[in-house]
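The values are calculated or read from the model by the stated rules, or taken from the named source; none is laboratory data. The model shown is predicted, which means the values in this text are computed figures rather than measured ones. Every residue, glycine among them, receives a Cβ derived from its backbone with ideal geometry; neighbour counts consider all protein chains shown.
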Amino acid sequence: MDALVKISEAAEYVGLPQKTIRYYEDVGLVSPLRAENGFRQFRSSDLRALKIIKNARNLGFSIEDSRALLDLFMNKKRSSADVKKLATKHLEETQCKLKKLARLCAQLEHLTTSCRDDDMPDCAILDFLADLR
């Protein structure tokens, strides 16, 4: 897209809700032009930025990491090592979260198998939650 487009067209092209695009503008990730009537006008560079942000967010990058990736993309003197460093950090954080989730799943599995699942009021799950074990 070479022409300036309205937010509705940008949203459709990029695949993001207009509300999300307005939020990204509010936090300074994109700065579309403004027409005399105040309507946003998105350039092709804005659309590219929105796609980068969308894809980074879909990969679980934070807003600030998405900002850093966008800055790296726009910096033609960037080092790919800087990009890899940021992605590697995110990968390590994601792997850590997965390990925590695996421990959580194991604990929940243990609790649910510990439950007698009968008509009696005793419940291993509630005992655990109340720290009565």
message: Can you tell me which condition ALA56 does not meet? The list is (1) under 20 Å from VAL83 (Cβ atoms); (2) among the hydrophobic types (A, V, I, L, M, F, W, C); (3) in contact (Cβ under 8 Å) with a residue 24 or more places away in the chain, and all the others hold.
response: (3)
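Inside region 55-112, can you point out the residues that are closer than 30 Å to PHE128 by Cα and of a type in the set (Val, Ile, Thr)?
Initially, region 55-112 is screened for residues closer than 30 Å to PHE128 by Cα, giving 93-112.
Residues satisfying the conditions are THR94, THR112.
Tally time: how many residues in region 19-41 are polar (S, T, N, Q) and either within 16 Å of the chain's Cα centre (by Cα) or under 14 Å from ILE53 (Cα atoms) (or both)?
Step one: list which residues in region 19-41 are polar (S, T, N, Q), which gives 20, 31, 37, 41.
Filter once more, so that each one left must be either within 16 Å of the chain's Cα centre (by Cα) or under 14 Å from ILE53 (Cα atoms) (or both): 20, 31.
So the count comes out to 2.
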Residue pairs meeting the criteria (Cβ under 7 Å; at least 6 apart or on separate chains; first in contact (Cβ under 8 Å) with a residue 40 or more places away in the chain, in region 1-23; second part of a strand (DSSP E or B) and surrounded by 15 or more Cβ atoms within 10 Å (Cβ to Cβ)): VAL5/PHE42; ALA10/PHE42
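Do we find that ASP26 is at pLDDT below 95 and acidic (Asp, Glu) in this structure? Walk me through it before giving the result.
Working: at pLDDT below 95: no; acidic (Asp, Glu): yes.
No, not satisfied.
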Only listed residue being at pLDDT 95 or above and of a type in the set (A, V, I, L, M), chosen from ALA35, ALA124, ALA68, ALA130: ALA68
query: If you take the residues in region 94-133 that are more than 30 Å from ARG57 (Cα to Cα) and among the polar types (S, T, N, Q), which one is nearest to the chain's Cα centre (by Cα)?
result: THR112
